[in-house]
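Everything on this sheet refers to the single structure shown next.
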Amino acid sequence: MADRDKIQILKDALYEAARDHGSDQRLFTQRDLMDMQVIPQDNIGLLIQVIQILCDEKLFVGNTTASGLSWRWRSREDAKKYTSLPNSETMMVYAMVDEAGADGIWNRTIKNKLNMADHLMKQCIKYLEQKGYIASMKNVEHPNKKMYIKANLRPSDRATGGPWFTEGELDTAFINELQEIVFDFIKQKSTYTSHGGAGVGTTGAAAGAQQREKIPKKGVVQGTIPHSEDVSKGTKRSAGEISNDDTAAAAAAAPATTTTAKKTRPGKPQLLPLPAGYKSYPTVSDIAKFIHHAGITNNTTLSEADIQQLVDVLYYDGLVEPVKVNGRKGYRVTRIPKQDPRTCNQRRLDHDPTKGGVVTSFMGVEPSASGLMEAPCGRCPVYDMCEEGGPVSPSNCVYFKQWLDGDEVKEQVISI
C-alpha cells in the first residue's frame, strides 16, 4: 500500500515537472525525465513504472523516434476524454483525429490505417461527434474529401486557405479590394503631386519674360535713345543710364504680366517620382499597420506575411517595384509619370462604360494600344487555316472587314 501511494505521488510530480519543462508538443527521452530529479536515486525500474501508469491514464503519449522511445504530456482535460470513451475502437479513432492536429484527417485515412470496417468507423465517428469531441471540416486542398478535426481546435491556414478563403471558397472580391487599397497606399507614399504652373499670380510665360528682361544689355547705343538727344549713335552709355532703362522696361511690362496672370488656370495634377536617395518608401510593415489602424478588415486578422502575398502579386503584375535604401526595403509604383492621381475607387466611379469599354482593373496605367496589337490576326481563332486559296484568307476575312470598319468594331466593344 505504501509503495502504491509512493508511485502515485511520483506520478503526479513527474507529470507536473514535464509540464513545467516544455509544451505538450515537446518529446522527452528517458534521460530527460530522469534529469528532472523526481525519481529518487535514478531508479530506472521505478521510472518505468511511473511512466507506464501515466500512459495508462492517457496523461503521457508514447512516440518512437530515430533516437529511441520518447514521451510527451497530454492535458488532464484531453486525458479525461480518452478514459470516458466506451471502447478501444472509438479511442483509436479519436487518437487518429487528435494526432492530425489542426490540419485534420480524411475519414478514409482513418479507415485504412486502422484497418477498420466501414460501418464500425462510422459508428465511432458518429459517437465522437455527438459527444462534441470532433467536428467535420472543409479543406481547400481537398474540397471533396470528408475531413475531421478536434472540436476545440481552429483549422490551420493550410486547411482553410488563410484569410483569402471564405467557407472553403476563394474570396476574389475581398482580395481585389485589398489589392486596390494596398496599391493606392503605395502610390500615395511613393510619389508627389505636381499641379503645374509657375507660382501664384504668374504664369510660366510671364515668369520667362521677367527672367529674360533681367539679362544684362550690351552697353552700346543702338539708334536714338529717348530723352538723350545729345548722345550720338555708337556712344557708350553709363551704368546709371542702363539701370534706368531696366526700370523703365520692367514698368512697361508690368501691366502685360498682370493681364496674363488673370488668364491662368491651374495645371492638371500629375504624379512625379521622389528624388534619388529618398528613404521613406512604404514597407510591408507600414502597409500592415495602415490596414490594421484603418479597420478595413474588422473580422479578419492579416499578418505581415499575408500583406507580403498581396504586394508580391502587385509586383508580379508589374504594378509596383521594390526599392532598397540603406538596407530598408520599400515599394513604389511603376511608370510614375503615367499614373492616374485618382484612387482606384474614384476611377471606377468616374468610368463611363459606353466610352471606355469593359475595364477589369483600375490599378496602374491603362494599357497602350497600337494598330499591330488591335489587328484581328493576333487573336484569330482560325489563324492556322488562313491562306490564299484556303477556306479562310485575308481577302474574304470577316474579322478583317470588321476591324477596318471602325464603327462596327466600336459597337461590338460597347455591346460587351
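What the table shows:
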{"read-out": "Selection status of ILE296, modelled with pLDDT of 90 or more and of a type outside the set (D, E, K, R)", "value": "no"}
{"read-out": "Which numbered condition GLU77 misses (of (1) open to solvent by 80 Å² or more (accessible area, probe 1.4 Å); (2) not in a helix (DSSP H, G or I))", "value": "(2)"}
{"read-out": "In the range 37-67, the residues that are out of contact with any helix residue (DSSP H, G or I) (no Cβ under 8 Å at 6 or more places or on another chain) and of a type in the set (Gly, Ala, Ser)", "value": "GLY45, ALA66, SER67"}
{"read-out": "Residue check, ARG342 open to solvent by 80 Å² or more (accessible area, probe 1.4 Å), among the charged types (D, E, K, R) and over 17 Å from the mean Cα position of the chain (by Cα)", "value": "yes"}
{"read-out": "Cβ pairs under 6 Å, 6+ apart, first in the range 386-407 and closer than 13 Å to ALA375 by Cβ and without any contact (Cβ under 8 Å) to a residue 60 or more places away in the chain, second assigned to a helix (DSSP H, G or I) and open to solvent by 50 Å² or more (accessible area, probe 1.4 Å)", "value": "GLN402/GLU408"}
{"read-out": "When residues of the range 14-54 are limited to those that are small (Gly, Ala, Ser) and outside any helix (DSSP H, G or I), the one surrounded by the fewest Cβ atoms within 10 Å (Cβ to Cβ)", "value": "SER23"}
{"read-out": "Pick from the range 324-334, criterion in a loop (DSSP other than H, G, I, E, B) and exposed (fewer than 13 other Cβ atoms within 10 Å of the Cβ), ranking: modelled with the highest pLDDT", "value": "GLY327"}
{"read-out": "LEU128, sole failed condition from (1) touching a helix residue (DSSP H, G or I) at 6+ places or on another chain (Cβ under 7 Å); (2) surrounded by fewer than 19 Cβ atoms within 10 Å (Cβ to Cβ)", "value": "(2)"}
{"read-out": "Per-region count, the range 349-363, residues over 21 Å from the mean Cα position of the chain (by Cα) and either outside any loop (DSSP other than H, G, I, E, B) or at pLDDT 85 or above (or both)", "value": "6"}
{"read-out": "Among residues of the range 36-67, those that are of a type in the set (D, E, K, R), more than 14 Å from LYS80 (Cα to Cα) and modelled with pLDDT of 90 or more, counted", "value": "0"}
{"read-out": "Subset of the range 267-293 [open to solvent by less than 60 Å² (accessible area, probe 1.4 Å) and without any contact (Cβ under 8 Å) to a residue 60 or more places away in the chain]", "value": "GLY277, THR283, VAL284, SER285, ALA288"}
{"read-out": "Qualifying residue in the range 56-69 (condition: over 20 Å from ASN152 (Cβ atoms), open to solvent by 40 Å² or more (accessible area, probe 1.4 Å), of a type in the set (Asp, Glu) and in contact with a Leu (Cβ under 7 Å, 6 or more places away or on another chain))", "value": "no"}
{"read-out": "Pair list, Cβ < 6 Å and 6+ apart or interchain, from the range 53-70 residues that are in contact (Cβ under 8 Å) with a residue 24 or more places away in the chain to residues that are buried (at least 18 other Cβ atoms within 10 Å of the Cβ) and part of a loop (DSSP other than H, G, I, E, B)", "value": "LEU59/ARG74"}
{"read-out": "Which listed residue is at pLDDT 90 or above and open to solvent by 50 Å² or more (accessible area, probe 1.4 Å), from GLU366, GLU321", "value": "GLU321"}
{"read-out": "Enumeration of residues in the range 1-13 that are hydrophobic (A, V, I, L, M, F, W, C) and open to solvent by 60 Å² or more (accessible area, probe 1.4 Å)", "value": "MET1, ALA2, ILE9"}
{"read-out": "Hits in the range 270-310 - residues which are aromatic (Phe, Trp, Tyr) and part of a loop (DSSP other than H, G, I, E, B)", "value": "TYR278, TYR281"}
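The values are calculated or read from the model by the stated rules, or taken from the named source; none is laboratory data. Note that this is a predicted model, so its numbers are computed, not measured. A quick note on method: Cβ atoms are made from the backbone with ideal geometry, for glycine too, and the neighbour counts reach across all protein chains shown. SASA here: full protein model, heavy atoms, side chains in, ligands and nucleic acids out. Shrake-Rupley method; radii C 1.70, N 1.55, O 1.52, S 1.80 Å.
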